[in-house]
Amino acid sequence: MFDSASFWILLIAYVGLAPLLSFILGVVAFRRTTALGLEVASMRMRGQTAAPMQEEQEVQEEPEPESQEELPLAQPEEGEISEEGLEFAGPPPLEEEPEAVEEPQESVSPPKLLSPGWEQRIASRWMLWLGGMALALGGGFLVKVSIEMGLLGPGLRCFLGALLGLALAIGGEVLRRRPLQIKLAEIAPNYLPSAISAAGIAILFASIYAAHGLYGFFPALIAFALLGAVAFSAVGLALLQGPLIAALGLLGGFITPIVLESGKPSALALFGFLLALTCASLAIARYRRWEWLAVIALSGANLWATLWAGAIWQAGSVPVYSFYLLSLAVATIWFRHGLLVIPKPHQIQDSGRRWPKIDALVTLAIAGLLLNTFFFIRLEHYGVWSLSTLAILVAFALFHGRRSEHLFLLPGVAAAAVLFVLATWHLPQFVPGAEPLISMESSILPHPRIPIVPPVFLTFTLVSMGFALLFGACGYLFRQGARMPGAWASFSALLPLAIFVVAYWRIEHFEASLPWAVASLVLAGLFLVAAVRSDKQGEVMRGALGAYAVATTAAIALAATMELREAWLTVALSLMLPVIAWIDERLDLKALRLTAGLIAGGVIIRLLFNQAILSGSPIGDPLFNWLLYGYGVPAVAFIWAARLFAPRASDILISIFEAGAVLFTTLLVTFEIRSFFQGGVIGYGSFNCVEQAT
């Protein structure tokens, strides 16, 4: 009978030895099956090359030539296996029979091997991958687990770990160069050398990181150089040995900081290590066109940035974190194509080759970096480093969105990130009044006067103005030479307007404000100047002209919304319709007609669902009141706009204007009669016969 101690010893031995024995048995079985497959393939090739020769001898009636010039025909063809079994004969020299080149003989292609079954896949791939991961994790634990045992000192542990990793990395390459492994690789992929080398690379990463991050044997600069050297050594090995070493080395590298966790993590060591690993992996993926490797590298790099921001954040890591995010953006774009190559205005962007699905990967990677920048801004409490990082990333996305037409989503992603940051900005609540107050963190502070922008909103306002200027200037400049200048002009016009609306909402809460209305009119003036300059550049800027004309109209409407209320707002919006129609009569732009349709719909909804008029409150004089201009002016404006748009607009748009004119005229007459008979109260309950007859 075994006691409990013996039972646990046997159980641990079984758990530890069973995977190793399975791995060894799988390798042995794989070698035997590949050797048998090699022999079968050789026999098939002999049979296929002998059959055409026998048929040719039967058909040919003339005797065989005895001249020495035809002797080379009897030599083995290119790719044919000789009698020794594994040696390949080379092609015959062409100069001995020049006439034979004009009549090429039918080449015999080697037989296609059957696809391996699931048993062979498990024996040849998965066991090797598991073995490589076991070696990599074993090397990492070799550096750390012996701490509790007290067997070796920290320096000797790191040195032995690095020595083991170096031996495995070199041993895998030496094994790959052996003749037997070369012949096996010619038949089927051989993953054994790459698995051993990948485990060695992961162990080297763990040893160097532990020597610096855990024990501080050398400074961060030396650790960064060593990690970069190991990473680029892995690049060379992956180029020689295939994708397995790249995948295992990359995954082992990303897991290494988790296995070797430290009570005082170093941001410089961690992000230097991750940046070197990611850049090396992207270099391999770019050279070998392994897009899956780029997906793993960029996903792991972004996830580590999120993990640091959510769980390991340190106040002193702000510059390092900013540099890491910006460096990842540069590496991502470099992976897509070369950096900082400005196209000429007359050239079409992105003349180079396009990789399938690679543009979506780059866009998602930049979106992940912008998301991490949002967390960065919150953690730094809207500091200079985080906001500068966001500005650089946005400019970077705009530049490369203009440079490559396939990355057209990058500017939109950057714009969405900026609007999201501004919309969720932590702002105190400003309470205006006779004595303005500022309510911040449950405390009320007096303010001497009502400023246009309270001081507590100054940073938010300056940041909003800066991003509005960035989007407006970049869109205006990038429209030159672009394939679709109207799209960039719309971008430069709509984004400043959107940022302006968000700032107005966050600061004024959509209350009436004359200074903000004046600022909107100034913005409309800038758009008008851009429209005039686009008009002078001819037909090529016709789309840009329409975009700036629409933006000018929208800014004027926004100014009316910020200052006017009730009926005056409806009057101001409706009077814009004939103005837009007058501009469209001279420019004939579809964008203007679309804008006019949207404004007309807004005016109709506003007047049709105006419940305040039925509240029962008097509206003034029974006959001469605000109904005359509140409904009369929109009716006249709709009729005028319908006549001006009639020669060019669609029937649907003309019908909208005509229906609006009929609707407003009907409501004006109905409400005036109601007000006259009910003493200025529209919502009065009675409805007598005289009023109905009128």
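Here are some notes:
- Global form of the range 540-581, assessed from the alpha-carbon gyration tensor, a/c cut-off 1.5: oblate
- Ranked by the mean number of other Cβ atoms within 10 Å of their residues, highest first, the peptides 265-271, 379-385 come out as 265-271, 379-385.
- For the range 550-609: accessible area per residue (Å², 1.4 Å): 45
- Computed E for residue 624/residue 582 - FRET, C-beta separation, R0 25 angstrom, nearest 0.05: 0.25
- Between residue 483 and residue 427, the modelled labels are 3.9 nm apart [label points 7 Å from Cα along Cα→Cβ].
- Cα gyration tensor shape of the range 474-573, rounded if a/c is under 1.5, else prolate or oblate by comparing a/b with b/c: prolate
- Cut-off 14 Å between beta-carbons: net charge of the residues surrounding residue 504, Lys and Arg +1, Asp and Glu -1: -2
- Area accessible to solvent at residue 158, 1.4 Å probe radius, in Å²: 10
- Accessible area in square angstrom per residue, the range 458-531, 1.4 angstrom probe: 46
- Probe 1.4 Å, all protein chains present, accessible-area order of 687, 527, largest first: 687, 527
- Straightening the chain between residue 42 and residue 292 buys 86.5 nm, computed as 0.36 nm per residue apart minus the Cα-Cα spacing.
- A Förster radius of 56 Å, combined with the Cβ-Cβ distance separating residue 299 from residue 643, puts the computed FRET efficiency at roughly 0.40.
- Surface accessible to a 1.4 Å probe, residue 239 within the full protein complex, Å²: 60
- Rounded to the nearest 20 debye, dipole of the range 456-572 from Cβ charges on Lys, Arg, Asp, Glu: 440
- Point-charge dipole on Cβ atoms (K/R +1, D/E -1) for the range 515-650, about Cα centre, debye to 20: 320
- Cα gyration tensor category, rounded, prolate or oblate, for the range 625-694 with a/c compared to 1.5: prolate
The values are calculated or read from the model by the stated rules, or taken from the named source; none is laboratory data. Keep in mind that this is a model prediction, so the values were computed, not measured. Every residue, glycine among them, receives a Cβ derived from its backbone with ideal geometry; neighbour counts consider all protein chains shown. Heavy atoms of the whole protein, side chains included, go into the accessibility calculation; ligands, DNA and RNA do not. Shrake-Rupley method; radii C 1.70, N 1.55, O 1.52, S 1.80 Å.
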